[in-house]
Amino acid sequence: MISRTIVRLGVRSVFGRWRGVLLLVLPLVLVAVAVLVRALVGEEPLAAQNTLEALGLVVIVPLVALLATSGLLAPEIDDGSVSYLLAKPISRYTIVLSKLVVAAVCVVLFAAVPLLVAGLVMLTSSPSLGVGFAVGSVAGGLAYCAVFALFSVMTRHAVVVGLVYLLIWEGLLGGLLDGVRWLSITRWSEAIIGELADVALVEDLPLLYAVIATVVVLVAGTWLTGRRLRAFNLTGDE
Amino acid sequence: MTTIQIDHASRWFRNVVAVNDITMTIGPGVTGLLGPNGAGKSTLIALMSGFLAPSAGTVTLDGEPLWRNEKVYRKIGLVPEREALFDYLTGRQFVVANAELHGLPDPGAAAQRALALIEMTDAQDRTISTYSKGMKQRVKMASALVHDPAVLLLDEPFNGMDPRQRIHLMELLRGMGAEGRTVLFSSHILEEVEQVARQIEVVVAGRHAASGDFGAIRRLMTDRPNRFVLRTSDDRALASALLADASVRGARLRSEGGIELEASDFGRFSEVLPRLAREHGIRLHEVTPTDESLESVFAYLVSA
């Protein structure tokens, strides 16, 4: 199901470009802010929670997912080098899954672990907050990866479309309209975090729904991306 | 023996027809796909390599469909026209990765064999981003040959190669054809094609214009009466000079200026026209073929 070669190439391509630097910068910013919060307000649960949510979950997690996923697929499709992966007798789903494995590792390393660290820095006495955010960010981050992978194979402007989706749907509308929580990846992860860390980040969103919705997006996004890749049109410059 | 069968295949992109009802069989040996830029060669190769679905008709490899059938890549080696590679790898890493993706038992050895075949052993440990155009072309070749495919499809493989690399690639292709592999390459230069290909398929404006060995193609293209409009510094003097030559069948001075001309022997005409113009001190401002269906064919014959 997973091709080690594609994983290896994927790791090289994510870190071989400017995206790799950004992937390192984002978590550093988060941890730096956490240190600052701890220094300024001390061990304050609400400040810790707000920082992890507003900066970590809403900004860092989706951006890491976007950077990692678009760095894995979009450039290769753009310049045509994806043909070297596609002109091989391997399942298209294997290609997508292998790429997503790399994206998942990025989410863990550059989103989940920094959230955990930031949580522990700001709230050393009750680690469950950091742990809850770390687990929730893995769930949300993976779902985001699947969505952005699909964007990458559907449009040449995957990064722009991804950013617009994040800003308009998850950010603006998610904040204005309560009902968006049913269709918002970030809200789902908040429901998961709320359960694990015993905090109230989102109201009236059952845990079971959040988990199932996250899994559905992850599976459907992966499957649709593979399906789209099976029917991939590659033409020359003519 | 592996055969690609294109049967009444068409491909259109919205309202532009790129490939128009083409039927051809590509069998063992070297076949040249000849046509001017924009004639649909790349689209045809995309159809033959399973990267494009025909809008109508079928394209099969030994009876198996090529579209949505990744198994066919066991038999196919593809050298795309676009230059993009995994620039951050070395040539060897790239070819080894291709061998691994094919699931070969010994990827390292297969890569070495392919790199040796295209004479890239010396530069194999340099990063691809430092390669010249010709070297990239050869690494692409190595990646396409690494699994020893029965079919080799190359889109404009001679672009960007220096003469020595060109001759080497021609020898390589001839050898693979002689081994019984099905080799197809596209080119817009007749001289290139006729040096390598036993069989030539000519595509013009999405249509299958001609098919045969290079002698037949050349006769077809040169013996046909061709019509041109010439605009010169002295139409009357050049027209009378041209009429005296056997390659010209008729000339008429147009009221709005310029000469309408019919040539019978294109090869000779293309050599006579500039010579006569020079001898009479006449400047040629414009030489336009007016036979529309063949315009593009002439365009590249003239430029070759």
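Structure notes:
- Segment A:18-52, subset among the β-branched types (Val, Ile, Thr) and within 27 Å of residue A:103 (Cβ to Cβ), residue surrounded by the most Cβ atoms within 10 Å (Cβ to Cβ): A:51
- Qualifying residue in segment B:221-228 (condition: of a type in the set (Phe, Trp, Tyr) and not in a helix (DSSP H, G or I)): yes
- Just so you know, in segment A:1-42 the residues that are in a helix (DSSP H, G or I) and among the hydroxyl-bearing types (Ser, Thr, Tyr) include one that is nearest to the other protein chains (Cβ to nearest Cβ), and it is A:5.
- Scan of segment A:6-17 for residues that are surrounded by fewer than 20 Cβ atoms within 10 Å (Cβ to Cβ) and of a type in the set (Val, Ile, Thr), ordered by number: A:7, A:11
- Single match in A:201, A:205, A:229 (criterion: surrounded by 14 or more Cβ atoms within 10 Å (Cβ to Cβ), at pLDDT below 95, more than 14 Å from chain B (Cβ to nearest Cβ) and more than 20 Å from the chain's Cα centre (by Cα)): A:205
- Pairing each residue of segment B:117-146 that is within 14 Å of chain A (Cβ to nearest Cβ) with any residue that is basic (Lys, Arg) and in a helix (DSSP H, G or I), provided the two are 6+ apart or on different chains, yields no C-beta distance under 6 Å.
- Residue within segment A:84-97 that is surrounded by 20 or more Cβ atoms within 10 Å (Cβ to Cβ), hydroxyl-bearing (Ser, Thr, Tyr) and touching a residue at least 60 places away in the same chain (Cβ under 8 Å) present: no
The values are calculated or read from the model by the stated rules, or taken from the named source; none is laboratory data. Since this is a predicted model, take the numbers as computed values, not measurements. Cβ atoms come from the backbone with ideal geometry, glycine included; neighbour counts cover every protein chain shown.
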